[in-house]
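The values are calculated or read from the model by the stated rules, or taken from the named source; none is laboratory data. Because the structure is predicted, anything quoted here is derived from the model rather than measured. Positions of Cβ are generated from backbone atoms using ideal geometry, with glycine treated the same way; all protein chains shown enter the neighbour counts.
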Amino acid sequence: MYKKLKWIRVILALLFFLLITLNFVWFANSKASLLSPVLHLQFVPALLGLFTGTAVFFAFLLVITIFFGRVYCSLLCPLGVYQDIVSRIADLFKSKKQRREKYRKPQNFLRYFFALVAFLPLAAGVTLPLALTDPYSNWGRISSEIISLGENLIHNLFAGIFPESVFYRGYAPFIIEIFIFSAFILILVTIMSAFRRRLYCNTVCPAGTLLGAISRFSLFRPEMGSECNMCAACSTVCKSNCIDLKNRKIDVSRCVSCLNCMTMCKRGSVTYRFAYRRKEKKSGMESAGRVPSGMDNFSDDRRRALLTMGLAGTALVARAAEFRPFKSEKEKEVEKKHSIAPPGAQSIQHLKDNCTACHACISVCPNRIIKPAVGEYGLDGLFLPHLDYRNHFCGYDCNACTQICPNHALIPMSPEEKKLCQIGRAKFSLRNCIVFTDKTDCGACDEHCPTKAITMIPYKGTNLYIPKLDRDICIGCGACEYICPARPVKAMIVEANQVHLTAEAPLKEEQEKVKVDDFGF
Amino acid sequence: MFMERRNFLKGLIYGGVASIASFKSSTLFSKEPAAVASGGNNDLVAVMGGEPAQMYAKAIEAMGGISRFVKRGQKIVVKPNIGWDKSPEEGANTNPELVAAIVKDCLRAGAAEVVVFDHSCDHWQSCYKNSGIEDAAKAAGARIAFAHDEKYYKSVKIPKGKRLKEAKIHSEILDCDAWINVPVLKTHGGARMTISMKNFMGIVWDRRFLHANDLQQCIADCSTISKMPVLNIVDAYRIMTQNGPKGKSPDDVQLAKALFISTDIVAADTAAVKFFSQFRPMDINSVSHIGIAEKMNIGTTDLDSLSVKRIKI
């Protein structure tokens, strides 16, 4: 039975891995609406989205963990599945002996250190450390930065061979900081998994540590039964090195529910068992909270697990109560014009609270104007998405980024809602405008403005027309800023709205329909 | 991408066949006289009251037939306005039915290949698709060319230009045998009107340069390039009379049901402005690139000096 189950797990895991990765790769992006639902089932985004509308996904992940332990890690986590793939490949280069695993002690110091690093700031209202250690978001950044770059290269190779049928695709703006960070995580995870399989998941990953803590109390756990003859087959295939043969214990906090041990055991000794039945019968009413003697080691673990969960729980309560002792006072100092949050972000604070910087929005943007922030939002907004109008502007009819976000850090918006979402407002500086400086016609901004917040009016004393800006209608799409030819400083520059607003609807301008019977010449 | 590869292969086969055909025609049938349609060789034809394809058919006939401009075996570019991510009803782009009719006519006249492209302002794929032009042109047998990246453009000197002395022009224009300019009639906040001459902005890579260096002069300068269109066909089926050139709703558009066709780009624009003035007053002098172009001997605004045919359907 476990063999079948394992095959199902492997196939599903590969499927999820593929679908998740495709969300970040350009050629599949036009199908984002079909692919993006798989992104909802990610632990850290769902955890953060608890109060923004993705609670149901968090509840689902919590329930499967309470039932069967860290199923997420082996089935849904793309970074986890990637490690399985790497260790499979690495196995090809290993001798039979090298492939054999054995029990290893947990790296508890590192585990709880990283968990603390991720969840303690969260409890204080700072999401960034968790975002940067979230396995899904790391995979997102790796896909967005490295895999899609490879795909882009291949695409352009085809564009070179078939210039008339495959178009050339410019490369996304290269931002060294995020590239180095993603490459570092990729190399770290690759090396760790090539040598020690799921070590990363059980030392670095805070999601793994939290899920492991919850798993300690799960209803069904892999356990060794009395049929065991100590052949050690299970422990040689354990990715997490968590089967302690001597004590006949499986460390469920590290077990990623890969089912390897159960498929290996010829005697059917290692199986999922209901964890509370026997204990309750034996120790009766005393069972709750009581620790059996000779298990001090495990009681220690139990305490740590409770602490981790307590910490994560506190973090969630703190979020619910909007407890934010370190709310940055420097917000006003952040340079305004470059910190425009994508539509749906509601406010820069909402983005900082909920975004895990997975870069799905960055990948899906057809105009490639969403970029990872490096300093634009300040330090606590590192790698969060922001809009940059240097190479294009926000498409008026496009709402792709709001649709793909896994946890409503960008809340979903219909095209109609998005057309009124004021993410910033253009500012017109006459002294830079071509019409003013050169006394010649231009009108590039007016030409591009989708809402007609910009109109051209007669310019005093000349036969020229000059832009007039109605900032209440402006939605901050950046079309005017992008196209403005004035140098060195553009005449139209969009200033970010720290809190997104709803713009006034474009004026309705019905005109009398003229009936004409002649050519006029 | 893979769909497009299939189209590529299709194109390869068709192209091969066509080039063999053209080879034959140039060697075996070289004495074949140029076909002259019965309609005569007018300089400017104005049509009104019909559907786009129907008006085109009438107009081109009165111009002496497409074979006066398109020769067997030639590579032709049809250059509409596909600037905006807007539907045909919003009138921001050239009418797709008109583009399709021109493409078909060129192929009927024996063109080896007809290419359609524009340097869009909005996201180019959305523009190509939502304008309806990509589908219509492909169905008519044209190839859609890309124009969204600088690598598709080549730098060209414009010796007669006053401000615009050099520009990157799309290589399909530079490599073709003849091209047909198919603008749509709209207002424009900067240039006042956008018609045939302004449509050249879509064959140029760096449009900002034009905006920054006396837009009206640069538009006229652009029409001094050696590779001028053999025909200018102004789509005035739906005309944008306010908030041009992008518009914000179908309210900005009036159904004018007209078409102008001319070998003289200045005359085509003059006729179009005069027609437009009936819907909304527009002083042709304020569309100053037209006047500048006339001074630069690109064409004439004096329609009476031309043989003009007016057709009402």
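In segment A:18-38, which residues are assigned to a helix (DSSP H, G or I) and of a type in the set (Gly, Ala, Ser)? Can you show your working first?
Filtering segment A:18-38 down to residues assigned to a helix (DSSP H, G or I) leaves A:18-22, A:26-29, A:32-38.
Answer for segment A:18-38, where residues must be assigned to a helix (DSSP H, G or I) and of a type in the set (Gly, Ala, Ser): A:Ala28, A:Ala32, A:Ser33, A:Ser36.
Under the condition of being surrounded by fewer than 20 Cβ atoms within 10 Å (Cβ to Cβ) and either among the basic types (Lys, Arg) or away from every other protein chain (no Cβ under 13 Å) (or both), which residue from segment A:471-488 is farthest from B:Phe209 (Cα to Cα)?
A:Asp472
Of all the residues that make up segment A:130-185, how many are among the polar types (S, T, N, Q), touching a Ser or Thr at 6+ places or on another chain (Cβ under 6 Å) and either closer than 27 Å to A:Leu311 by Cβ or within 14 Å of chain B (Cβ to nearest Cβ) (or both)?
The number of residues fulfilling the criteria is 1.
Residues of segment B:212-230 being of a type in the set (Asp, Glu) and either away from chain A (no Cβ under 12 Å) or within 18 Å of the chain's Cα centre (by Cα) (or both), which ones?
The one that is of a type in the set (Asp, Glu) and either away from chain A (no Cβ under 12 Å) or within 18 Å of the chain's Cα centre (by Cα) (or both): B:Asp221.
Are any of the residues in segment A:397-408 in a strand (DSSP E or B) and small (Gly, Ala, Ser)? Give the derivation first.
In the first step, residues of segment A:397-408 are kept if they are in a strand (DSSP E or B); the result is none.
So far as segment A:397-408 goes, no, none of its residues is in a strand (DSSP E or B) and small (Gly, Ala, Ser).
If you scan segment B:252-294, which residues turn out to be free of Cβ contacts under 8 Å to residues at least 24 places away in the same chain, more than 9 Å from chain A (Cβ to nearest Cβ) and not in a loop (DSSP other than H, G, I, E, B)?
B:Gly291
Go through segment A:493-513 residue by residue and tally those that are more than 29 Å from the chain's Cα centre (by Cα) and either of a type in the set (Asp, Glu) or more than 12 Å from chain B (Cβ to nearest Cβ) (or both). Steps first, please.
So in segment A:493-513, the residues more than 29 Å from the chain's Cα centre (by Cα) come out as A:493, A:504-513.
Next cut, either of a type in the set (Asp, Glu) or more than 12 Å from chain B (Cβ to nearest Cβ) (or both) only: A:493, A:504, A:509-510, A:512.
Residues flagged as more than 29 Å from the chain's Cα centre (by Cα) and either of a type in the set (Asp, Glu) or more than 12 Å from chain B (Cβ to nearest Cβ) (or both) within segment A:493-513 amount to 5.
Taking the condition assigned by TED's automatic domain parsing to the domain that holds A:Arg70, on the phi < 0 side of the Ramachandran plot and among the basic types (Lys, Arg), does A:Arg197 pass? First the steps, then the outcome.
Numbers: assigned by TED's automatic domain parsing to the domain that holds A:Arg70: yes; on the phi < 0 side of the Ramachandran plot: no; among the basic types (Lys, Arg): yes.
The answer is no for A:Arg197.
Just to be sure I understand, how many residues within segment B:189-210 are within 19 Å of the chain's Cα centre (by Cα), surrounded by fewer than 24 Cβ atoms within 10 Å (Cβ to Cβ) and either at the interface with another protein chain (Cβ under 8 Å from one of its Cβ atoms) or at pLDDT below 95 (or both)?
Of the residues in that region, 1 qualify.
Taking the residues in segment A:52-92 that are buried (at least 21 other Cβ atoms within 10 Å of the Cβ) and in a loop (DSSP other than H, G, I, E, B) as candidates, determine which candidate is farthest from the chain's Cα centre (by Cα).
Among them, the one singled out is A:Gly69.
Are any of the residues in segment B:231-245 of a type outside the set (D, E, K, R), within 23 Å of B:Gly161 (Cβ to Cβ) and more than 12 Å from chain A (Cβ to nearest Cβ)?
So far as segment B:231-245 goes, yes, one or more of its residues are of a type outside the set (D, E, K, R), within 23 Å of B:Gly161 (Cβ to Cβ) and more than 12 Å from chain A (Cβ to nearest Cβ).
Of the residues A:Ser339, A:Ser347, A:Ser283, which single one is outside the structural domain of A:Pro135 (by TED's automatic domain parsing) and modelled with pLDDT under 55?
Working: A:Ser339 fails: modelled with pLDDT under 55; A:Ser347 fails: modelled with pLDDT under 55.
On inspection, the qualifying residue turns out to be A:Ser283.
Within the group B:Lys138, B:Lys186, which residue is at pLDDT 95 or above, within 12 Å of chain A (Cβ to nearest Cβ) and surrounded by fewer than 17 Cβ atoms within 10 Å (Cβ to Cβ)? First the steps, then the outcome.
On the way: B:Lys186 fails: surrounded by fewer than 17 Cβ atoms within 10 Å (Cβ to Cβ).
Matching residue, one of B:Lys138, B:Lys186: B:Lys138.
Going by the structure shown, is B:Asp206 in contact (Cβ under 8 Å) with a residue 24 or more places away in the chain and over 28 Å from A:Glu512 (Cβ atoms)?
Details: in contact (Cβ under 8 Å) with a residue 24 or more places away in the chain: yes; over 28 Å from A:Glu512 (Cβ atoms): yes.
Taking the combined requirement at face value, the residue satisfies it.
Would segment B:210-221 turn up any residue that is in a strand (DSSP E or B), in the same structural domain as B:Asn42 (by TED's automatic domain parsing) and among the hydrophobic types (A, V, I, L, M, F, W, C)? It would help to see each step written out before you state the result.
Step one: of segment B:210-221, the residues in a strand (DSSP E or B) are none.
Looking for residues that are in a strand (DSSP E or B), in the same structural domain as B:Asn42 (by TED's automatic domain parsing) and among the hydrophobic types (A, V, I, L, M, F, W, C), one finds none in segment B:210-221, hence no.
Of the conditions (1) at the interface with another protein chain (Cβ under 10 Å from one of its Cβ atoms); (2) free of Cβ contacts under 8 Å to residues at least 24 places away in the same chain, B:Ser249 satisfies every one except a single condition; which number is it?
(2)
Select the helices (runs of 4 or more DSSP H) contained entirely in segment B:84-191, then report the ones holding at least 3 residues which are closer than 30 Å to A:Thr451 by Cα. Break it down into steps so the answer makes sense when it comes.
Values: elements: B:96-108, B:124-130, B:133-140, B:171-175.
Helices (runs of 4 or more DSSP H) meeting the threshold: B:96-108, B:124-130, B:133-140.
So, A:Leu188, is that one away from chain B (no Cβ under 14 Å), in a helix (DSSP H, G or I), surrounded by 14 or more Cβ atoms within 10 Å (Cβ to Cβ) and aliphatic (A, V, I, L, M) or not?
no
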